[in-house]
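Asker: A single structure is presented below for examination.
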Amino acid sequence: MREFNHMAAARVNHPFARVAGAPTVARPAATGTVHYDPSRAPCPSRTRGHGTASVSHHGRAAIGNATLLAAITILAVAGCRHTLQPIFPDRQPPLVWPLESDTPRIRFVGMIHSSKDLKPPPKPFQALGDLLIGPKPPDLLYGPRDIVVTPDGHRLWIADPGGRCVHVFDLLKRAYIKITRADDEPFLSPVSVTLGPGGSLFICDSENIGIHRFDDTTAEHIETLRLPEDLRRPVAIHYDPPSRELYVVDVVAHDIKVLNPDANLLRIIGRRGEKPGEFNFPSGVTLDRDRLWVVDSGNHRVQSVTPHGKPISAFGRAGDAPGDLALPKAIAADRDGNLYVVDARFENVQIFDPDGRLLMVFGHEGTAPGEFWLPGGVFVDMADRIWVCDAYNRRVQAFQRIDSISNNLER
């Protein structure tokens, strides 16, 4: 991991950089002593007559059944009275960026490691099942690589090549689904997801070389695209609703292949090289305001081109100063057009405006909240939440944009 120069970050010439930094239950005591003499106790099986209790075998069984039924009822009622806990509880004091700033712009929200983090209400008789056979282990994230959030903000779709699966977390229903195949085709390395047409989304498998479409609500498989033969290793995808075109990053071919709804190849953008419009091991892509932003990892930069491949601009270079890029992996845009670039070597997120000016930086190497270990995908949802795949920490972290980042430059 290359060390990011945080001291230099404080010297970047804009207002953000000037403020940036990088029961045990006790049994009641007895009030008296009772002496029990077994020789004087009546034996139920031998006692007869009025005034003397007699308990038959069937009577004892009935008492046992009634006791069991009462226990089951109590456990079921206890489950029904469960109070839902917030998935992301408030953190006090809040963790914000820029550090030591009077005007914070980014706030840490929370993390998801497994299905347990949804904090779902217990199902009927779940407590009894947990008591008898033990609780079911949660489904874990193994190495999340990419993430999207449905437009309603309720469901997270997380591509996890480490677990050879895609996780679906329903934040509203507190429900979890694990997808390991598309029909009879198992996932080998699902690395990318993107929202698709008509309430669907696409999942890209780089090792099995496949792109599959699923219903984003039911998680049911819709179709598997018949890809062009010259698509060698897709690692990132982005769907553009107006044009109905799917942009596929082919890392081995060092280009971007553009497909129509029938997965026919429309055009190829770029080739290997260092010139404008050329790429060296591209790893991420997003489209915003008629600009296709490409993470050009091997060239330590981010390029923008037109949807047909004409170069527009670029920013970033190799180095350890603020604004430099060591190993950029993914990119996302917010509603103001600001760009969030995840760097797996600096292990942070750098935010740039559309002209490539650095606005601020958050995160650094580590395992604590707000820290990263080889981060990957990033997504900004409709509520301005920033979701980052923290791959080697086996989690997804959520952050909230507090105020307009761009407006801060005008103050």
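Asker: Cut-off under 16 Å on the C-alpha distance; same-chain residues fewer than 8 positions from LYS173 excluded. Which aspartates and glutamates are left, in chain and number order?
Answerer: ASP117, ASP152, ASP216
Asker: Related question: When the solvent-accessible surface of protein heavy atoms is calculated with a 1.4 angstrom probe, in what order do TYR176, TYR247 fall, highest first? Working shown, then result.
Answerer: Details: TYR176 50, TYR247 0 Å².
Most to least solvent-accessible, the answer reads TYR176, TYR247.
Asker: Something else: Once neighbouring chains are kept in place and the probe is 1.4 Å, which whole percent of the accessible area of the stretch 247-378 is contributed by carbon and sulfur?
Answerer: Ligands and nucleic acids excluded, carbon and sulfur reach 48 percent.
Asker: Rank these residues by their accessible area, most exposed first, probe 1.4 Å: MET360, MET111, MET382.
Answerer: Putting MET360, MET111, MET382 in descending order of accessible area: MET382, MET111, MET360.
Asker: Can you give me the long-range amide H partners of ASP255? Hydrogens built in the peptide plane at 1.01 Å from N, cutoff under 5 Å, separation of 5 or more residues or another chain.
Answerer: Residues meeting the amide H criterion: ASP250.
Asker: Considering the convex hull of the alpha carbon atoms of the stretch 100-228, report its projected area averaged over all viewing directions, in nm², one decimal.
Answerer: Convex hull of Cα atoms, orientation-averaged projection: 11.6 nm².
Asker: Can you work out the accessible area per residue across the stretch 126-227, with the rest of the protein chains kept in place, probe 1.4 Å, in square angstrom?
Answerer: Working: 4550 Å² over 102 residues.
Per-residue value: 45 Å².
Asker: Lys and Arg at +1, Asp and Glu at -1: add these up for the other residues within a Cβ distance under 12 Å of TYR176 and post the number.
Answerer: +4
Asker: Quick one: net charge around GLY199, please, counting Lys, Arg +1 and Asp, Glu -1 for every other residue with C-beta under 12 Å from its C-beta. List each step's numbers first, then the result.
Answerer: On the way: positive: ARG155, ARG213; negative: ASP152, ASP215, ASP216, GLU220.
Charge balance in the 12 Å sphere: -2.
Asker: Using only the heavy atoms of the protein chains and a 1.4 Å probe, how would GLU245, GLU229 rank by accessible area, largest first?
Answerer: Highest to lowest solvent-accessible surface, that is GLU229, GLU245.
Asker: Please give the contour-minus-distance gain from SER243 to GLU274: 0.36 nm per residue of separation, less the Cα-Cα distance, rounded to one decimal in nm.
Answerer: On the way: separation 31, 0.36 × 31 = 11.16 nm, distance 2.86 nm.
Gain on stretching SER243 to GLU274: 8.3 nm.
Asker: Measure off, as a whole percent, the carbon and sulfur share of the 1.4 Å-probe accessible area of the stretch 101-213, all protein chains present.
Answerer: The nonpolar share, carbon plus sulfur, comes to 55 percent.
Asker: Which residues' amide hydrogens lie under 5 Å from the amide hydrogen of THR150, considering only partners 5 or more residues apart or on another chain, with H built in the peptide plane?
Answerer: Here the answer is ARG155, TRP157, since their amide H atoms fall under 5 Å of that of THR150.
Asker: In addition: Can you give the accessible area of ARG91 in Å² (nearest 10), computed on protein heavy atoms with a 1.4 Å probe?
Answerer: Number for this one is 100 Å².
Asker: Could you check how many percent of all C-alpha pairs in the stretch 285-411 are farther apart than 26 Å?
Answerer: In whole percent, the share of Cα-Cα pairs in the stretch 285-411 beyond 26 Å is 15.
Asker: Quickly rank 299-309, 257-267 as a protection proxy: mean count of other C-beta atoms within 10 Å, highest first.
Answerer: Packing proxy ranking, top to bottom: 299-309, 257-267.
Asker: Could you give the nm distance between label points at LYS136 and ARG317, where each point is 7 Å from its Cα heading toward the beta carbon?
Answerer: Calculated label separation equals 5.5 nm.
Asker: Now for a different question. How large is ³J(HN,Hα), in whole Hz, for each residue of the stretch 83-92 in order, when computed from phi with the Karplus curve 6.51 cos²θ - 1.76 cosθ + 1.60 and θ = phi - 60°, using x for Gly and Pro?
Answerer: Along the stretch 83-92, the couplings run 9, 5, 9, x, 5, 10, x, 4, 9, 10 Hz.
Asker: Could I ask something else about it? Leaving out ligands and nucleic acids, note down the accessible area per residue over the stretch 248-356 with a 1.4 angstrom probe, in whole Å².
Answerer: Accessible surface, normalised per residue, equals 36 Å².
Asker: I would also like to ask the following. Would you mind calculating the gained length between ARG174 and GLN92 on full extension (0.36 nm times residue separation, minus the Cα-Cα distance), in nm to one decimal?
Answerer: My answer for the length gained is 27.1 nm.
Asker: Multiply the residue gap between LEU266 and GLU229 by 0.36 nm, knock off their C-alpha separation, and tell me the result in nm, one decimal place.
Answerer: Once the chain is fully extended between LEU266 and GLU229, it gains 12.0 nm.
The values are calculated or read from the model by the stated rules, or taken from the named source; none is laboratory data. These figures come from a predicted structure and were not determined experimentally. A quick note on method: Cβ atoms are made from the backbone with ideal geometry, for glycine too, and the neighbour counts reach across all protein chains shown. These accessible areas exclude ligands, DNA and RNA; they are computed on the full protein's heavy atoms, side chains included. Shrake-Rupley method; radii C 1.70, N 1.55, O 1.52, S 1.80 Å.
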